[in-house]
Amino acid sequence: MIAKINEAVSFIKSKYSETPVVGIVLGSGLGSFVGEIKIEKEIPYNEIPHFPISTVEGHSGKLILGELGGKKVVAMAGRFHFYEGYAPNEVVFPIRVMKYLGVQTLLLSNAAGGVNPDFKVGDLMIIKDHISQFTPNPLIGKNEKEFGPRFPDMSEPYSKMLIDKAKSIAKNKSINIKEGVYLSVTGPTFETRAEYKMIHVLGADAVGMSTVQEVIVAVHMGLPCFAISVITDVGIREEENVITHEEVLEAAKDAEPKLTYIFKELVAGI
Ligand code: HPA
């Protein structure tokens with residue numbers, strides 16, 4: 001694994017000599033954030049050795065290197081999901097590559113279903129914790145000591161310091177932001193009514209099909225994470241409850257400027 005990562009890293013370094021300090025992963029419908037980055041280099045995933053190739057609508061599939069808020073950053077426009085058929089260690093491959101490129105902080109975004117009855121479509125939720133038990137743990141298998149310990153601590157998967165910073169950024173701009181627990185599922189089905197209720201009972205505020213496997217390997221490597229969910233649909237309403245991918249993308253697009261602002265300010269302040 002480490003050899004494959006080194007090959008991917010060497011390839012990227014041969015195309016871009018700067019060292020990015022922040023890594024950014026953009027969720028479904030949230031890719032236009034890259035418009036904020038002063039792009040210095042774009043590398044399509046299919047050119048990078050050992051990178052999986054993104055297939056989902058709304059994900060463009062390239063690595064973007066450049067400057068944001070005075071910092072060198074690397075952003076994934078398009079991520080890999082377990083439901084696409086990738087093995088968990090493929091889903092997280094780019095996260096390890098970003099860490100070995102030199103990234104010291106990881107920011108992630110995703111589209112998620114709200115199960116907290118106080119949430120509405122378009123809300124932003126800072127992920128303060130997660131429940132990973134419904135998706136395979138990407139660290140299952142032989143532990144690679146270079147990455148981190150066999151039994152990583154998970155008491156603070158999302159950096160409290162970054163959460164506090166983001167909350168004050170939002171407050172100063174009068175952006176209403178929620179905070180909650182994200183539960184990961186495999187997808188690709190959205191949840192049944194009974195499942196949304198169960199997820200709420202289990203202590204989650206939002207549910208989605210990404211992020212958690214990526215955060216687990218980041219934390220394993222000692223990489224501080226910060227993540228925001230855009231609530232694109234609300235699962236626990238009693239009335240008509242059909243959810244479509246188009247609706248999710250539309251809601252993500254509407255909420256994107258707020259998310260962009262917070263990420264931008266966060267990067268500038270790192
Ligand atoms: N469930 C799971 N994943 C999602 C949802 C949802 O309701 N909305 C966006 N991604």
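The values are calculated or read from the model by the stated rules, or taken from the named source; none is laboratory data. Not measured: the values here are computed from a predicted model. Please note: Cβ atoms are built from the backbone with ideal geometry, for glycine as well, and neighbour counts cover all protein chains shown. Heads up: the accessible areas ignore ligands, DNA and RNA and are worked out on the full protein's heavy atoms, side chains in. Shrake-Rupley method; radii C 1.70, N 1.55, O 1.52, S 1.80 Å.
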Need one number: % antiparallel among DSSP beta bridges in segment 1-99, to the nearest 5. 70 percent
Restricting to the chain, compute how many DSSP beta bridges are antiparallel as a %, nearest 5. 40 percent
Going by accessible area, probe 1.4 Å, with all protein chains left in place, what is the ranking of Lys178, Lys120, largest first? Lys120, Lys178
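Send over a whole-number figure in Å² for the accessible area per residue of segment 2-269, probe 1.4 Å.
Value for segment 2-269: 42 Å² per residue.
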Over the chain, what percent of the accessible surface lies on carbon and sulfur atoms, probe 1.4 Å? 53 percent
Points 7 angstrom from Cα along the Cβ direction at Tyr83 and Thr19: gap in nanometres? 3.9 nm
Ranked highest first by the average count of other Cβ atoms within 10 Å around their residues, in what order do 256-265, 140-149 fall? 256-265, 140-149
Normalised by the residues of segment 70-173, what does the relative contact order come to in percent, with Cα pairs under 8 Å and at least six apart? 24 percent
